[in-house]
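Chemist: Take a look at the following structure, please.
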């Protein structure tokens with residue numbers, strides 16, 4: 001939406017090839033320039049901190065989503081996984097922080113395993129398979145937490161959620177580290193290459209000796225583990241655990257970040273940095289709108305337009 | 001008066017001049033062959049004719065008026081219909097619905113008149129040799145029948161020009177005859193036909209005129225009858241006639257290198273309704289052909305050995321080691337590499353680069369602790385790109401952008417990189433141009449000479465006979481004959497298949 005005004009001289013076909021690749025970065029740049037010029041207090045440390053802290057959980061969840069979408073799948077259960085991870089923290093905090101974190105990560109592994117088995121073994125469509133745990137996961141989280149908001153007081157968790165390291169929030173460090181890990185997995189590992197091949201052409205990957213089921217199960221587990229990390233970080237940040245609100249609707253934010261970042265829903269391609277940029281862009285849009293006292297409804301419509309532009313651009317590239 | 005004319009058309013894509021000042025004229029009632037190697041510009045020209053691409057230079061004239069089709073729909077409305085290799089209809093809708101899509105007959109309430117539609121569809125399709133129930137979903141028909149429905153639809157919407165892109169590649173011989181009957185009929189009604197095919201026999205049977213493209217340029221256009229086969233092939237390849245004559249039509253040398261104990265032994269492979277006790281032995285250096293008609297069980301046999309087709313019973317032994325319940329992973333580990341029949345659907349990953357495609361099956365071998373070594377992969381990719389003469393702008397080019405022949409070579413490179421003992425090839429030269437075909441055939445010979453066991457499936461009788469040391473003939477999922485030594489001839493092959501078919505009649 002912003003790139004056209006940036007370079008009106010560009011002809012349409014070149015723009016179409018360029019847009020899905022770099023459009024998201026250009027849009028971020030435009031927004032930042034605009035905000036520096038017109039938004040008071042935008043360039044303050046406090047504001048940047050808040051933006052980054054808010055976007056971190058979405059980035060973490062979106063990373064897993066990008067991997068799943070790369071296999072031509074989708075995972076709707078990420079928000080419920082976050083709730084489940086959050087609900088387990090106060091329950092196991094008695095065994096120490098490490099124990100509690102380990103348990104909530106294990107819950108992620110379990111959900112991912114079920115998703116993966118349903119998709120890879122049983123052969124359900126990903127949207128249906130993960131819908132089951134989207135509904136059931138949050139239900140289970142509510143049962144575990146007894147439906148109550150629980151305060152969580154633990155110094156180590158507080159450090160994870162609101163601490164600083166070298167002047168940067170720990171939360172942001174964790175998100176950045178996970179971005180690097182996922183980028184590394186996609187680019188450098190056998191698992192990453194196989195994942196892309198499966199998304200690009202599953203029967204071909206199968207015939208080429210790729211263990212399709214194993215890789216798919218692994219992808220769903222990875223996605224769920226990332227979601228549970230986001231869930232326990234959410235608990236650490238707000239120092240309470242509320243299974244009914246943690247991670248609500250985050251699956252949509254994550255899918256948006258992935259799509260706006262230029263990863264096609266048709267699989268075979270994962271853009272890790274693009275996904276991060278997608279999440280940042282949506283965050284910036286919301287922040288800009290709020291700073292200028294626009295209605296939330298307006299913000300939502302602007303977000304809708306961005307998603308449409310991103311999907312349209314991706315479609316153009318696909319058909320070439 | 002020319003029906004459809006293209007004058008001095010050029011189309012440039014980044015890095016390639018796909019069409020370079022090409023002219024082409026189609027007369028009413030003419031069957032015009034459009035030939036050339038893959039990458040010669042045939043598809044681009046068709047896309048210019050049908051409005052998918054707008055030419056950069058030159059003009060398209062239709063019924064003597066310059067036209068500019070914005071979309072394929074515009075072209076279709078103007079009367080230019082295209083039948084693609086893959087059928088572009090709705091598989092879940094009924095045959096009749098597909099035939100009348102968008103023009104359904106209405107009853108007096110304005111609703112679709114199902115009865116009348118079915119009756120008319122039945123009547124129309126009978127002329128095309130399709131006798132199936134028109135209320136069945138289209139997807140349940142055989143591919144050939146689906147193509148006939150597509151053709152009937154194209155002709156019904158008042159087409160003046162019908163473009164056929166390799167229409168016979170998925171047809172059985174009987175269906176090909178029906179298609180030719182329909183083409184004769186169109187011909188007599190003054191409809192112009194552009195016919196793209198790699199099969200010489202077909203071209204000479206039905207085409208009046210021919211236009212040959214090479215590297216995006218027009219190299220010849222004129223009456224087909226004035227051009228003998230050898231000249232046609234040499235024009236397509238840009239090769240010397242004497243070279244073509246010397247090298248023959250296929251790249252096979254016809255020598256046998258078979259020796260020693262069988263490297264592959266398949267015993268009594270059975271799968272409900274599809275395979276019945278199929279046994280097969282391949283020695284190192286031997287090329288064993290699988291002959292038979294479409295649906296005889298050739299692809300199933302190949303897939304079963306490669307672990308991609310479920311078996312009820314049967315044993316597969318590779319170099320003396322028995323394979324348990326075969327899976328693609330196990331088969332590959334044991335040294336069986338399978339090249340599937342459908343390159344696009346089961347072979348290449350179009351969205352990945354040449355490099356990733358070649359490396360796909362050897363990822364474990366080129367990695368340590370799950371991390372891939374680009375250095376090792378680069379070495380393998382370079383070796384095979386050179387050896388198979390893969391024409392790409394570089395290892396990072398997307399495979400989907402390559403010509404069919406080069407895609408096939410990438411697929412073969414992937415298989416060869418695994419260092420197989422047995423190579424299973426299902427239609428290795430289907431849909432690729434003559435030049436790449438000869439190269440692939442020569443490669444098969446070369447690989448056999450190096451001691452690989454090869455199983456070859458080809459519906460091209462000439463290729464099967466010249467390429468194989470032995471031919472096992474299948475019918476209805478069972479072995480019905482075998483040709484050895486001097487008996488491996490086209491005549492003997494056809495006789496065996498025909499005899500098998502006769503046996504079929506005796507059964508009933």
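Read-outs: derived from the displayed coordinates by stated rules, not from any lab. No experiment lies behind these values; they were computed from the predicted model shown. Methodologically, a virtual Cβ is constructed for each residue, glycine included, from the backbone with ideal geometry; neighbour enumeration extends over all protein chains shown.
Chemist: Where does each of B:207, A:223 land when they are ranked from fewest to most other beta-carbon atoms within 10 angstrom?
Modeler: Lowest count first: B:207, A:223.
Chemist: While we're here: Under the rule a/c < 1.5 gives rounded, and otherwise a/b versus b/c splits prolate from oblate, where does the stretch A:92-230 land using the Cα gyration tensor?
Modeler: oblate
Chemist: Another question, if that's okay. If a/c stays under 1.5 just call it rounded; otherwise compare a/b with b/c (prolate if a/b is bigger, oblate if not). Do that for the stretch B:316-432, with a ≥ b ≥ c from the square roots of the Cα gyration tensor eigenvalues.
Modeler: oblate
Chemist: Here's another thing I want to ask about it. Report the dimensions of the stretch B:264-507 along its three principal axes from the alpha-carbon atoms, largest first, rounded to Å.
Modeler: Principal-axis extents of the Cα atoms in the stretch B:264-507, largest first: 60, 40, 30 Å.
Chemist: Consider just the alpha-carbon atoms of the stretch A:261-316 and return their Rg together with their Dmax, both in angstrom.
Modeler: 12.8, 41
Chemist: Tell me the angle of helix B:404-417 to the major Cα principal axis of chain B, expressed in degrees between 0 and 90 and rounded to the nearest ten.
Modeler: 20
Chemist: Given bins 10 angstrom wide, list per bin the percent of all Cα-Cα distances in chain A, short to long.
Modeler: Taking all Cα pairs of chain A, the binned fractions are 6, 26, 33, 24, 9, 1, 0 percent.
Chemist: Sticking to Cα atoms, compute the Rg of chain B to one decimal and its Dmax as the biggest Cα-Cα distance, whole number, in Å.
Modeler: 24.2, 77
Chemist: For residue B:23 and residue B:277 in the same chain, what is the full-extension length gain: residue separation times 0.36 nm, less their Cα-Cα distance, in nm?
Modeler: Full-extension gain reported as 85.9 nm.
Chemist: Something else about it: Roughly what % antiparallel, to the nearest 5, for the DSSP beta bridges in the protein assembly as shown?
Modeler: The antiparallel fraction comes to roughly 60 percent.
Chemist: A follow-up question, please. Could you tell me what percent of the DSSP beta bridges with both partners in chain B are antiparallel, to the nearest 5?
Modeler: Bridges in chain B are about 55 percent antiparallel.
Chemist: Mind checking the alpha-carbon convex hull of the protein assembly as shown and giving the volume per residue in Å³?
Modeler: In the protein assembly as shown, the Cα hull volume divided by residue count equals 208 Å³.
Chemist: How high is the FRET efficiency from residue B:478 to residue B:342, r the C-beta distance, R0 22 Å, rounded to 0.05?
Modeler: With R0 = 22 Å, the Cβ-Cβ based efficiency is 0.40.
Chemist: Right, another one. Please give the length that would be gained between residue A:214 and residue A:290 if that part of the chain were fully extended, namely 0.36 nm times their separation in residues minus their C-alpha to C-alpha distance (nm, one decimal).
Modeler: 22.9 nm
Chemist: A further question on this structure: So for the pair residue B:92, residue B:486, with labels modelled 7 Å out along Cα→Cβ, what separation do we get in nm?
Modeler: 6.0
Chemist: For q = 0.07, 0.12 Å⁻¹, what log10 I(q)/I(0) does the stretch B:4-247 give under the Debye formula with an equal point scatterer on each alpha carbon and no solvent?
Modeler: One equal scatterer on each Cα of the stretch B:4-247 leads to -0.25, -0.72.
Chemist: Something else about it: How far, in nm, would the chain grow between residue A:47 and residue A:21 when pulled straight, counting 0.36 nm per residue and subtracting the alpha carbon separation?
Modeler: Extra length from residue A:47 to residue A:21 when fully extended: 6.5 nm.
Chemist: How do B:23, B:270 rank when sorted from fewest to most other Cβ atoms within 10 Å of their own Cβ?
Modeler: Going from sparsest to densest Cβ surroundings: B:23, B:270.
Chemist: In addition: What FRET efficiency, computed as 1/(1 + (r/R0)^6) with R0 = 51 Å and r the Cβ-Cβ distance, is obtained for residue B:374 and residue A:252, rounded to the nearest 0.05?
Modeler: Approximately 0.90, to the nearest 0.05.
Chemist: Nearest 0.05, what FRET efficiency do residue B:123 and residue B:270 give at R0 = 41 Å with Cβ-Cβ as r?
Modeler: Step by step, r from the Cβ atoms, then E = 0.45.
Chemist: Residues in the stretch B:458-482 near a label at residue B:172, defined as backbone nitrogen under 16 Å from the 7 Å Cα→Cβ point?
Modeler: B:459, B:474-478
Chemist: At q = 0.12 Å⁻¹, work out log10 I(q)/I(0) for the stretch B:1-60 with the Debye formula, treating every Cα as an identical point scatterer and leaving solvent out; two decimals please.
Modeler: Per q value, in the given order, log10 I(q)/I(0) is -0.27.
Chemist: State the antiparallel share, in %, of DSSP beta bridges confined to the stretch B:4-247, rounding to the nearest 5.
Modeler: 60
Chemist: Here is a follow-up. Which log10 I(q)/I(0) values, to two decimals, does the stretch A:156-278 give at q = 0.17, 0.22 Å⁻¹ under the Debye formula with one point per Cα?
Modeler: Log10 I(q)/I(0), no solvent term: -0.98, -1.33.
Chemist: Rounded to the nearest whole Å³, what is the per residue volume of the convex hull around the Cα atoms of the stretch B:291-332?
Modeler: Once divided by residue count, the hull of the stretch B:291-332 is 83 Å³.
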